[in-house]
1. Here is a list: Thr41, Thr73, Thr31, Thr24. Which entry is out of contact with any Pro (no Cβ under 9 Å at 6 or more places or on another chain), surrounded by 13 or more Cβ atoms within 10 Å (Cβ to Cβ), at pLDDT below 95 and of a type outside the set (A, V, I, L, M, F, W, C)?
2. What are the pairs with Cβ atoms under 9 angstrom where one residue, in the range 20-36, is among the polar types (S, T, N, Q) and the other, located anywhere, is loosely packed, with under 14 Cβ neighbours inside 10 Å and modelled with pLDDT under 95? Sequence gap at least six, or different chains.
3. Quick check on the range 78-95: of everything there that is closer than 19 Å to Arg23 by Cα and hydrophobic (A, V, I, L, M, F, W, C), which residue is modelled with the highest pLDDT?
4. Collect the residues in the range 51-81 that are farther than 29 Å from Thr31 by Cα and among the hydrophobic types (A, V, I, L, M, F, W, C), keeping them in residue-number order.
5. Just name the residue that is nearest to Arg30 (Cα to Cα) out of those in the range 82-97 that are touching a residue at least 12 places away in the same chain (Cβ under 8 Å) and not in a helix (DSSP H, G or I).
Amino acid sequence: MPASPPILPHLPPDLRDRLALERTHLANERTVLAYVRTGMTLIVAGFSLINFFRDNFYIWVGAAFVPLGVGITVAGWFRYRAKSQRIAADAQAPVVR
């Protein structure tokens with residue numbers, strides 16, 4: 001399969017690599033923000049179900065949503081840290097062309 005031409009051929013290779021790493025870092029941040037947003041939504045939904053509904057079913061569902069939201073937020077944070085360390089290690093590695 002022939003290699004596709006570079007999208008920005010006028011940029012030097014080291015700048016293209018740095019920009020690619022920056023895009024990867026920004027994508028990692030967007031992902032952790034999605035985890036936090038999802039976790040916060042579950043936590044707020046859980047507390048809302050507990051406070052506004054008095055039926056046992058809604059209280060149990062709300063009580064399940066709160067730790068689930070906390071777990072998703074914590075899992076997202078650990079995933080972010082692991083990916084961030086991997087991105088930093090790749091940034092230090094020499095580029096072989």
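1. Unique residue meeting the criteria: Thr24.
2. That search, which allows pairs on different chains as well, returns Thr24/Asp90.
3. Result: Ala82.
4. Once the filter is applied, which keeps residues that are farther than 29 Å from Thr31 by Cα and among the hydrophobic types (A, V, I, L, M, F, W, C), the range 51-81 yields Phe52, Phe53, Phe57, Ile59, Trp60.
5. Val95
Each row is one residue, and each column tells you yes or no for (1) within 25 Å of the chain's Cα centre (by Cα); (2) among the aromatic types (Phe, Trp, Tyr).
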residue: Leu33; (1), (2): yes, no
residue: Met40; (1), (2): yes, no
residue: Asn51; (1), (2): no, no
residue: Trp60; (1), (2): no, yes
residue: Gly76; (1), (2): yes, no
residue: Tyr80; (1), (2): yes, yes
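The values are calculated or read from the model by the stated rules, or taken from the named source; none is laboratory data. Bear in mind the structure is a predicted one, so any value in this text is a computation, not a measurement. Every residue, glycine among them, receives a Cβ derived from its backbone with ideal geometry; neighbour counts consider all protein chains shown.
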